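Okay, so here's the structure we're looking at.
The values are calculated or read from the model by the stated rules, or taken from the named source; none is laboratory data. Keep in mind the model is a prediction, meaning the values are calculated, not measured. Neighbour counts are summed over all protein chains in view; Cβ atoms, including those assigned to glycine, are modelled from backbone coordinates with ideal geometry. Please note that ligands, DNA and RNA were not included when accessible areas were found on the heavy atoms of the full protein model with its side chains. Shrake-Rupley method; radii C 1.70, N 1.55, O 1.52, S 1.80 Å.
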Amino acid sequence: MTNWGAFAGLFGGALMGLAGLWLGRYFAAKKRGLDERYYAVWRNARAASWIITMAALYVLFFLLLAGVSLSALAALGILMLVHFTGWALSGLYYQTRM
């Protein structure tokens with residue numbers, strides 16, 4: 001039963017995320033919000049999130065060398081969480097800055 005709940009959460013979260021992305025872009029386009037500033041903000045946010053992800057990779061490699069045992073699933077989950085959080089927070093930062 002646990003596996004079915006995990007699959008439902010995994011695919012349900014992805015579907016809800018894609019639906020939110022599509023709806024957000026749809027309503028932004030109706031209000032003429034998809035301009036050069038929008039694309040510049042999210043291009044910079046994407047670049048910053050990869051830098052944050054690289055820093056998290058170095059931290060995880062350091063922990064591995066220090067003797068902390070992490071499974072591949074846990075390490076990938078941490079990296080995904082760091083990447084998406086870094087993307088959202090850097091997008092918020094650049095949006096308020098510009």
Q: Pick out the one residue from G77, G86, G67 that is among the small types (G, A, S) and more than 26 Å from L10 (Cβ to Cβ).
A: G67
Q) Out of (1) out of contact with any Leu (no Cβ under 8 Å at 6 or more places or on another chain); (2) without any contact (Cβ under 8 Å) to a residue 12 or more places away in the chain; (3) not in a loop (DSSP other than H, G, I, E, B), the odd one out for R37 is which? A) (2)
Q) Name the pairs whose Cβ atoms lie under 7 Å apart, with the first residue in the range 3-28 and at negative phi and of a type in the set (G, A, S), the second open to solvent by less than 100 Å² (accessible area, probe 1.4 Å) and at pLDDT below 95, and 6 or more positions between them or separate chains? A) A28/L34
Q. Limited to the range 40-68, what total is found for residues that are in contact (Cβ under 8 Å) with a residue 40 or more places away in the chain and either open to solvent by less than 50 Å² (accessible area, probe 1.4 Å) or under 13 Å from the mean Cα position of the chain (by Cα) (or both)?
A. 7
